[in-house]
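J.: For reference, the structure I am asking about is given below.
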Amino acid sequence: MERTLEEVRVLIYGIGAIGSQIVRLILKKKGFKIVGAVDISPNIRGKDLGEVIGIDRKLGIIVSGDAEKTLSSVKADIAVHATSSFLKTVYPQITSIVEHGVNVISTCEELTYPYIVDSSLAASLDSLAKKHNVTVLGAGINPGFLMDALPIVLSGACQEIKSIRVERVIDAAKRRLPFQKKIGAGLSLQEFNKRIRDGRITGHVGLEQSVSMIADALKLDLEEVKVEPVRPVIAEKPVESREIKVEEGMVAGLMQTAYGLIDQEPFITLVFKAYIGAEGEYDSITIEGTPRIDQRITPCVQGDLATAAVIVNSIPKVIKAPPGLKTMKDLPIPSAVLSDVRKYL
Ligand SMILES: NC(=O)c1ccc[n+]([C@@H]2O[C@H](COP(=O)([O-])OP(=O)(O)OC[C@H]3O[C@@H](n4cnc5c(N)ncnc54)[C@H](OP(=O)(O)O)[C@@H]3O)[C@@H](O)[C@H]2O)c1
């Protein structure tokens, strides 16, 4: 279908820390029009979107707690969705958007490669999206870019590959408070272990998705995707963020490793570390191959800003993509939207 030069109409679904960052970025770009906003939080519902995202002007969009009503009353080209990390939680939210004929781009970690979470839910979502002629994508900085899309792109310069190792090391003191809490910073080891057991600390969601996305792109026949249990990182000296003080011997954050195994050897290794006081933050990708590739980004890419960027930059690619459930490896290579978004359609 030939597109006219109408603005890209966006519905914002989930306006927490990340949804707010995304709205702020959309407002800086030309060619977008925010047509509605949905969030169930009692702190947000009924307020003007401008107030919710902390800018000093009203946007004339009142945040609704009723997604169905909003979807029925506004016309949107795409919904930007940022509510939860888990496929089963977001599934009814995403299907209701799709049933209204609206494309979806979501920060849901498990949606970045949902086939390994629940293949039948993923298949249903794919056929529903095709039926309604829309595209659904899970994306973000990680999963969705640094530990999957980027190594996949780099692999394009290799003749042969023996192994791929990706590391992300984040100083959590530079991240938002909910992130610091999510990784258990400032807890005793006993409390950390308790929260792991009762599911209040889940670790990083998405390593399994990233391993699987790389393997799929490279058509690797993995025997197993193995995700090690989350491990605490214990402070060897007192460290602190603006909000949390971590005494020596307390938990400063966590680490987790995942492998894609072939012949019981790791072909893909992903290492994620996030803790307060991490010195020399970085993202690295090492491909042992021909040629060898050793890429290091220092400091590591700022996750919140970059998640908003990946989401907004992917909007025109999602709108243009064939209908169905897609992953980052299915879309054209990622690139920035620097001028009017309509030029990219
Ligand atoms: N892929 C990536 O790289 C990446 C990067 C950053 C974040 N994420 C993920 O993106 C999600 C959002 O992150 P965040 O930091 O913005 O979380 P957040 O601050 O908790 O915001 C989520 C918002 O969505 C609302 N919400 C929850 N369920 C809803 C529903 N059914 N309908 C409408 N609104 C609903 C929440 O309300 P309540 O507070 O009342 O529940 C909250 O206001 C998280 O799962 C996060 O892990 C992914």
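J.: Just to verify a result, which residue in the range 4-29, among those that are part of a helix (DSSP H, G or I) and open to solvent by 60 Å² or more (accessible area, probe 1.4 Å), is farthest from the ligand (Cβ to nearest atom)?
T.: Ranking the candidates gives Lys28 first.
J.: Just to be sure before I move on: is Ser96 modelled with pLDDT of 95 or more, within 11 Å of the ligand (Cβ to nearest atom) and in a loop (DSSP other than H, G, I, E, B) in the structure I sent?
T.: Working: modelled with pLDDT of 95 or more: yes; within 11 Å of the ligand (Cβ to nearest atom): yes; in a loop (DSSP other than H, G, I, E, B): no.
Answer is no for this residue.
J.: Another one. Go through the range 205-219 and give me each residue that's part of a loop (DSSP other than H, G, I, E, B) and open to solvent by 40 Å² or more (accessible area, probe 1.4 Å).
T.: Across the range 205-219, the qualifying residues are Leu218, Lys219.
J.: Of the residues that make up the range 168-179, is at least one at pLDDT 95 or above, closer than 23 Å to Cys108 by Cα and over 19 Å from the mean Cα position of the chain (by Cα)?
T.: No, because not a single residue in the range 168-179 is at pLDDT 95 or above, closer than 23 Å to Cys108 by Cα and over 19 Å from the mean Cα position of the chain (by Cα).
J.: If you take the residues in the range 157-174 that are open to solvent by less than 30 Å² (accessible area, probe 1.4 Å) and of a type outside the set (Gly, Ala, Ser), which one is farthest from Ile268 (Cα to Cα)?
T.: Asp171
J.: Here is a follow-up. Just one of the numbered conditions (1) in contact with a strand residue (DSSP E or B) (Cβ under 9 Å, 6 or more places away or on another chain); (2) under 30 Å from Val35 (Cβ atoms); (3) of a type in the set (A, V, I, L, M, F, W, C) is not true of Ala149; which one?
T.: With respect to (1) in contact with a strand residue (DSSP E or B) (Cβ under 9 Å, 6 or more places away or on another chain); (2) under 30 Å from Val35 (Cβ atoms); (3) of a type in the set (A, V, I, L, M, F, W, C), Ala149 is out only on (1).
J.: If you don't mind, another one. Within the group Leu187, Leu177, which residue is more than 20 Å from Glu228 (Cα to Cα) and away from the ligand (no atom under 14 Å from the Cβ)? Even if it seems obvious, please write down each step before you answer.
T.: Values: Leu177 fails: away from the ligand (no atom under 14 Å from the Cβ).
None of the other options fit; the residue is Leu187.
J.: Within the range 133-149, track down each residue that is open to solvent by 10 Å² or more (accessible area, probe 1.4 Å) and either within 11 Å of the chain's Cα centre (by Cα) or within 14 Å of Thr107 (Cα to Cα) (or both).
T.: Passing the criteria: Ile141, Asn142, Phe145.
J.: State yes or no: is Val117 under 19 Å from the mean Cα position of the chain (by Cα), within 12 Å of the ligand (Cβ to nearest atom) and outside the structural domain of Val225 (by TED's automatic domain parsing)? Please lay out each step first, then the result.
T.: On the way: under 19 Å from the mean Cα position of the chain (by Cα): yes; within 12 Å of the ligand (Cβ to nearest atom): no; outside the structural domain of Val225 (by TED's automatic domain parsing): yes.
It is false that Val117 is under 19 Å from the mean Cα position of the chain (by Cα), within 12 Å of the ligand (Cβ to nearest atom) and outside the structural domain of Val225 (by TED's automatic domain parsing).
J.: What's the number of the only condition in (1) away from the ligand (no atom under 16 Å from the Cβ); (2) part of a loop (DSSP other than H, G, I, E, B); (3) open to solvent by 40 Å² or more (accessible area, probe 1.4 Å) that Asn193 fails to meet?
T.: It fails just one condition, (2).
J.: Give me a count of the residues in the range 42-61 that are within 13 Å of the ligand (Cβ to nearest atom) and surrounded by 14 or more Cβ atoms within 10 Å (Cβ to Cβ).
T.: Residues flagged as within 13 Å of the ligand (Cβ to nearest atom) and surrounded by 14 or more Cβ atoms within 10 Å (Cβ to Cβ) within the range 42-61 amount to 6.
J.: Right, here's the next one. Looking only at the range 272-316, which residues are aromatic (Phe, Trp, Tyr), in contact with a Ser or Thr (Cβ under 8 Å, 6 or more places away or on another chain) and open to solvent by 20 Å² or more (accessible area, probe 1.4 Å)? Walk me through it before giving the result.
T.: Filtering the range 272-316 for residues aromatic (Phe, Trp, Tyr) gives 272, 275, 282.
Of the ones still in play, those that are also in contact with a Ser or Thr (Cβ under 8 Å, 6 or more places away or on another chain) are 272, 282.
The answer is Tyr282, and nothing else.
J.: Is it true that Lys226 is modelled with pLDDT of 95 or more, charged (D, E, K, R) and outside any loop (DSSP other than H, G, I, E, B)?
T.: Considered against the rule, which asks whether it is modelled with pLDDT of 95 or more, charged (D, E, K, R) and outside any loop (DSSP other than H, G, I, E, B), Lys226 comes out as yes.
J.: A further question on this structure: Out of all the residues in the range 100-126, which are among the hydroxyl-bearing types (Ser, Thr, Tyr), open to solvent by 30 Å² or more (accessible area, probe 1.4 Å) and in contact (Cβ under 8 Å) with a residue 40 or more places away in the chain?
T.: Passing the criteria: only Tyr115.
J.: A further question on this structure: Of all residues being surrounded by fewer than 16 Cβ atoms within 10 Å (Cβ to Cβ) and not in a loop (DSSP other than H, G, I, E, B) in the range 63-86, which is nearest to the ligand (Cβ to nearest atom)? Just the residue, please.
T.: Glu68
J.: Can you find a residue in the range 309-325 that is assigned by TED's automatic domain parsing to the domain that holds Ser120, among the polar types (S, T, N, Q), touching a helix residue (DSSP H, G or I) at 6+ places or on another chain (Cβ under 7 Å) and modelled with pLDDT of 95 or more?
T.: No, there is no match, as no residue in the range 309-325 is assigned by TED's automatic domain parsing to the domain that holds Ser120, among the polar types (S, T, N, Q), touching a helix residue (DSSP H, G or I) at 6+ places or on another chain (Cβ under 7 Å) and modelled with pLDDT of 95 or more.
The values are calculated or read from the model by the stated rules, or taken from the named source; none is laboratory data. Bear in mind that the values here come from a model prediction, so they are computed numbers and not experimental data. For neighbour counting, all protein chains shown are included, and Cβ atoms are generated from backbone atoms with ideal geometry for every residue, glycine included. With ligands, DNA and RNA removed, areas are computed over all heavy atoms of the protein, side chains included. Shrake-Rupley method; radii C 1.70, N 1.55, O 1.52, S 1.80 Å.
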